[in-house]
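Each value in this text was obtained by applying a stated rule to the coordinates, not by laboratory testing. Please read all numbers here as calculations on a predicted model, not as lab measurements. All Cβ positions, glycine included, derive from the backbone under ideal geometry; neighbour counts span all protein chains shown.
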């Protein structure tokens with residue numbers, strides 16, 4: 001069986017902190033090369049170097065966050081009516097709890113009971129996003145998909161789900177005939193119960209520098225034998241993106257690696273449709289609504 005190397009990070013901050021440390025050999029470090037920003041490759045990084053990427057990941061990405069908020073709001077309006085959720089029904093007596101606010105205001109119907117519009121999950125929902133892409137993937141596609149995922153997380157949270165959001169970046173050696181193995185960075189972007197941090201999401205899920213600056217910089221800190229095995233150095237490709245789902249459960253919501261030419265994420269409407277398809281696949285959209 002091939003070796004699997006997994007690097008776990010408990011937060012985006014922990015990942016970024018690792019990325020800011022010196023690489024094992026700086027001179028062959030693609031994550032901080034100016035050439036990666038030049039004409040024709042600019043959408044790989046949106047023009048950011050490593051220092052700029054670390055700054056945005058740490059302190060937020062105002063310009064990008066505003067764009068993501070606009071896209072999220074549009075997608076939210078499409079998704080919200082179709083998510084399975086619970087509603088509260090009030091009565092004069094009975095119920096499973098007393099709404100203190102309604103009671104204090106003199107409202108007679110203050111006894112509430114949760115009514116299933118559709119059955120909601122009885123556990124936190126884990127959302128796993130594969131952020132590894134190949135060199136032909138367009139930065140705008142990454143941004144569109146990220147905005148759609150942010151919208152999905154937001155609406156799921158508001159409909160009663162407690163989401164855990166995890167970024168994974170799995171790769172294998174480009175020359176798999178001579179080398180094998182899997183290298184995976186895994187970062188928790190949001191714990192169940194935490195409020196969605198749009199600034200963190202905006203960078204981690206929608207900015208191409210999250211992979212080509214931050215993730216690459218982490219990989220460049222590996223021992224020379226690992227860097228040689230997976231090609232984690234300038235001119236050696238940094239491995240090939242793969243799907244790595246051996247640990248995700250059947251009910252986890254998994255977004256696979258983004259492939260070039262995938263038309264699902266070319267604009268807001270197609271991104272919303274792609275998200276709805278995922279939610280239907282995992283049983284998170286009402287059958288009655290999806291058939292309308």
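What distance in nm separates the simple spin-label points at residue 282 and residue 236, each placed 7 Å from Cα in the Cβ direction?
Placing both labels 7 Å along Cα→Cβ, they lie 3.5 nm apart.
According to a simple spin-label model (label point 7 Å from Cα along Cα-to-Cβ), what is the distance in nm between residue 226 and residue 17?
With each label point 7 Å from Cα toward Cβ, the separation is 1.8 nm.
Using the Kirkwood radius over C-alpha pairs as Rh, can you work out the diffusion coefficient of region 125-222 via Stokes-Einstein at 25 °C, viscosity 0.890 mPa s, in µm² per second?
Diffusion coefficient, whole number: 169 µm²/s.
Report the full-extension gain for the segment residue 8 to residue 59: residue separation times 0.36 nm, less the Cα-Cα distance, to one decimal in nm.
16.2 nm
Neighbour counts of other C-beta atoms within 10 Å: give me 168, 182 arranged from fewest to most.
In order of increasing Cβ crowding within 10 Å: 182, 168.
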